[in-house]
1. Going by the conditions given, is residue 166 away from the ligand (no atom under 12 Å from the Cβ) and within 24 Å of residue 344 (Cα to Cα)?
2. Would you check which residues across the stretch 99-116 are within 11 Å of the ligand (Cβ to nearest atom) and either touching a helix residue (DSSP H, G or I) at 6+ places or on another chain (Cβ under 6 Å) or part of a loop (DSSP other than H, G, I, E, B) (or both) and list them?
3. So residue 155 passes all but one of these: (1) touching a residue at least 40 places away in the same chain (Cβ under 8 Å); (2) more than 18 Å from residue 223 (Cβ to Cβ); (3) surrounded by 15 or more Cβ atoms within 10 Å (Cβ to Cβ). Which condition number does it fail?
4. Residue 119 versus (1) away from the ligand (no atom under 16 Å from the Cβ); (2) within 21 Å of residue 221 (Cα to Cα): which is the lone unmet condition?
5. Any chance you could count how many residues in the stretch 357-369 are outside any strand (DSSP E or B) and out of contact with any Leu (no Cβ under 9 Å at 6 or more places or on another chain)?
6. Which residues, taken from the stretch 318-335, are surrounded by fewer than 20 Cβ atoms within 10 Å (Cβ to Cβ) and of a type in the set (Gly, Ala, Ser)?
7. Filter the stretch 210-247 for residues that are touching a Phe, Trp or Tyr at 6+ places or on another chain (Cβ under 7 Å) and more than 22 Å from residue 183 (Cβ to Cβ) and give the result.
8. Can you tell me which residue is surrounded by the most Cβ atoms within 10 Å (Cβ to Cβ) among those in the stretch 349-393 that are among the polar types (S, T, N, Q) and within 25 Å of residue 307 (Cα to Cα)?
Amino acid sequence: MHKVATSRVDWSALREDFPILQERVNGHPLIYFDSAATSQKPRAVLDVVRNYYEHENANVHRGLHALSARATEHYEKSRQRVADFIGAASADEIVFTRGTTESINLVAQAWGGKFLRAGDVILLTEMEHHSNLVPWQLLAGRIGARLRFVPVRDDGTLELEKLSSLLTAEVKIFAFTHVSNSLGTINPVAELCQKARSVGAMTLVDAAQSIGHMPLNVQELGCDFLAFSGHKMCAPTGVGVLYGGLDVLDSVPPWHGGGEMITSVTLEKSTFKKPPHRFEAGTPNIAGAIGLAAAIDYLEGIGRAEIFKHDVDLASYALQGMADVTGLHVLGPSRDRGGVISFVMGAAHPHDLTTFADQYGLALRGGHHCNQPLMRRFGVPGTSRASFYLYSTREEIDRMVDILDKAVRFFK
Ligand code: C6P
């Protein structure tokens with residue numbers, strides 16, 4: 001018998017904050033188990049975004065009128081809210097981007113373009129999302145740098161005993177994910193950052209899958225850069241963050257040119273603002289940033305430690321239920337993992353299994369999850385993936401297990 005977790009949070013009542021959970025799909029109540037792709041949004045966030053457009057909408061940093069001042073104040077307050085949320089020393093360490101992908105591209109192109117040379121090594125892991133792989137491949141191809149990878153064990157954890165031979169003085173940056181979006185593996189970020197620092201390497205943490213799911217403090221982690229997306233943590237799509245220490249960001253040249261990132265422009269040349277505005281050319285996603293701050297308020301109202309416990313509880317409950325489904329094979333660690341579970345089922349292609357589940361209102365993700373090298377490492381074309389969040393319940397997991405049992409008979 002699985003122990004019933006006790007929590008001060010009423011997880012069932014909290015579902016009422018998410019209007020979309022009332023949807024029916026193919027005649028069934030929606031079971032949304034695709035939160036690793038994007039989370040659903042609580043009414044508190046939807047209301048703040050709507051209120052912004054109804055009462056404050058104007059461009060930021062440029063208008064001298066009242067609405068522009070209001071929008072600018074709200075936008076910059078949101079930056080401070082993000083800084084507090086991740087334990088940054090100052091709001092100037094928070095660059096608003098479109099998301100994790102853009103944040104990592106910024107570091108690879110602007111920081112990497114300035115500081116890396118031919119022969120330097122960029123250390124990654126075999127479990128990186130394409131967003132933390134392709135930007136480094138592009139940079140390496142351009143300047144002649146080399147890529148190196150920490151391998152993944154059969155159990156979905158990193159082969160950390162190899163780190164001492166991989167993390168040599170030639171490594172200039174170690175960029176790795178906090179939580180794997182396919183395996184649910186939670187990497188020991190603080191330890192990895194400390195090891196990188198001991199050889200003089202910079203660190204970039206891809207926090208796309210951890211930021212909204214667990215307590216996270218950049219000073220405790222000791223990372224140089226941290227990247228995440230708002231849309232996986234209850235905020236709107238199209239907004240994300242790059243964190244960098246002030247000294248680090250100050251050393252990085254601009255990457256996108258345009259309005260708002262300059263101090264003066266002549267026809268021939270320009271001078272640039274200090275970070276973070278140096279990296280925010282053009283009109284930013286104002287409503288997105290404001291929505292992100294509202295999402296932070298919402299998540300902190302519940303407590304990230306509580307959310308993490310809920311994730312871990314759901315993952316272990318699901319693993320137990322799925323263990324009884326004939327022919328189902330789960331990838332990734334059997335314990336100490338986040339609420340992301342990838343699995344394959346005998347003869348059923350992951351796309352077919354995922355489409356089968358959809359007929360019962362169960363939203364899984366099927367495919368390679370932007371982890372093609374990792375799928376190859378495990379010898380599968382892709383997986384079906386269930387990913388949970390604060391609005392997911394054990395009852396929904398029971399229904400998923402029933403649907404998977406039906407699939408066993410269907411695909412036999
Ligand atoms: N993973 C998933 O279903 P963007 O698209 O920029 O918001 O996030 C990219 C990204 C980077 N790193 C990790 C670990 C991620 O999981 C993601 C997004 C989604 O797994 C979409 S492929």
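1. On the way: away from the ligand (no atom under 12 Å from the Cβ): yes; within 24 Å of residue 344 (Cα to Cα): no.
Taking the combined requirement at face value, the residue does not satisfy it.
2. Residues of the stretch 99-116 within 11 Å of the ligand (Cβ to nearest atom): 99-105.
Correct list: 99, 100, 101, 104, 105.
3. The single condition residue 155 does not satisfy is (3).
4. Residue 119 satisfies all of (1) away from the ligand (no atom under 16 Å from the Cβ); (2) within 21 Å of residue 221 (Cα to Cα) except (2).
5. Kept after step one, since they are outside any strand (DSSP E or B), are these residues of the stretch 357-369: 357-361, 364, 368-369.
Of the ones still in play, those that are also out of contact with any Leu (no Cβ under 9 Å at 6 or more places or on another chain) are 359-360, 369.
Total meeting the criteria: 3.
6. 321, 323, 327, 334
7. 218, 225, 234, 239, 240, 241, 242, 243, 244, listed by residue number.
8. Step one: of the stretch 349-393, the residues among the polar types (S, T, N, Q) are 354-355, 359, 371-372, 383-384, 387, 392-393.
Right, trim to within 25 Å of residue 307 (Cα to Cα) and you get 384, 387, 392-393.
Details: 384: 28, 387: 30, 392: 24, 393: 17.
Restricting to residues being among the polar types (S, T, N, Q) and within 25 Å of residue 307 (Cα to Cα), the top hit is 387.
The values are calculated or read from the model by the stated rules, or taken from the named source; none is laboratory data. Keep in mind that what you see is a predicted model, and the values were worked out from it rather than measured. A quick note on method: Cβ atoms are made from the backbone with ideal geometry, for glycine too, and the neighbour counts reach across all protein chains shown.
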